[in-house]
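Some notes on the structure that comes next.
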Amino acid sequence: MFLHLGENVVVPIKDVIGIFDIETSTYGSDTSQFLRMAEEDGFIERITKEKPKSFVVAEVNKKSKIFLSPISSSTLGKRTELLYEET
């Protein structure tokens with residue numbers, strides 16, 4: 001099963017580590033610093049030029065990757081629940 005993150009980007013659901021709301025999770029300086037460092041190290045992939053609503057941490061090809069998604073974390077979370085219900 002795959003999770004659609006927006007545009008033409010999908011990630012195997014088994015590879016998703018976490019789904020986070022970008023607005024509420026960046027209140028903390030630790031998360032902001034984590035995202036800043038990940039961007040500097042090239043681990044972040046912007047899915048679209050739209051303002052991101054969430055970020056998804058996943059393991060892709062045995063490497064951590066962070067996807068900035070235009071889809072809200074609650075919608076992505078619901079999609080994962082629906083996928084698990086179908087199996």
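Only protein heavy atoms count here; under a 1.4 Å probe, S25 has an accessible surface of about 30 Å². Taking the longest Cα principal axis of the chain as reference, the axis of helix 29-40 is set at about 90 degrees. Residues considered: L76, L35, L68. Largest GNM mean-square fluctuation over the chain, using C-alpha springs under 10 Å, is found at L35.
Using 0.36 nm per residue and subtracting the Cα-Cα separation, the extra length available between N8 and D30 on full extension is 4.9 nm.
Can you bin the chain into rounded, prolate or oblate? Criterion: square roots of the alpha carbon gyration tensor eigenvalues sorted a ≥ b ≥ c, rounded for a/c under 1.5, prolate for a/b above b/c, oblate for the rest. List each step's numbers first, then the result.
Details: a/c = 1.73, a/b = 1.45, b/c = 1.19.
Here the chain falls in the prolate category.
Against the chain, whose longest principal axis is taken from its Cα atoms, helix 73-86 shows a tilt of about 30°. At 1.4 Å probe size, what's the solvent-accessible area of F43? Round to the nearest 10 Å². Approximately 90 Å² of F43 is accessible to the 1.4 Å probe. Its alpha carbons give the range 1-52 an Rg and a Dmax of 12.2, 34 Å. Taking the Cα centre of the chain as origin and assigning +1 to Lys and Arg Cβ atoms and -1 to Asp and Glu Cβ atoms, the resulting dipole is close to 140 debye. Pairs of lysines in the chain whose Cα atoms sit within less than 21 Å of one another amount to 9, provided the residues are eight or more positions apart or on different chains.
For the chain, the solvent-accessible area of protein heavy atoms averages 68 Å² per residue (probe radius 1.4 Å; ligands and nucleic acids excluded). Computed from label points 7 Å out along Cα-Cβ, the spacing between T48 and K63 is 2.6 nm.
Could you please report the charge total around R46, scoring K, R as +1 and D, E as -1 over all other residues with beta-carbon less than 13 angstrom from its beta-carbon? Provide the component values of the computation, followed by the final result.
On the way: positive: K49, K51, K53, K65; negative: E7, E39, E45, E50.
After counting each charged neighbour, the total is 0.
The values are calculated or read from the model by the stated rules, or taken from the named source; none is laboratory data. Bear in mind that the values here come from a model prediction, so they are computed numbers and not experimental data. A quick note on method: Cβ atoms are made from the backbone with ideal geometry, for glycine too, and the neighbour counts reach across all protein chains shown. These accessible areas exclude ligands, DNA and RNA; they are computed on the full protein's heavy atoms, side chains included. Shrake-Rupley method; radii C 1.70, N 1.55, O 1.52, S 1.80 Å.
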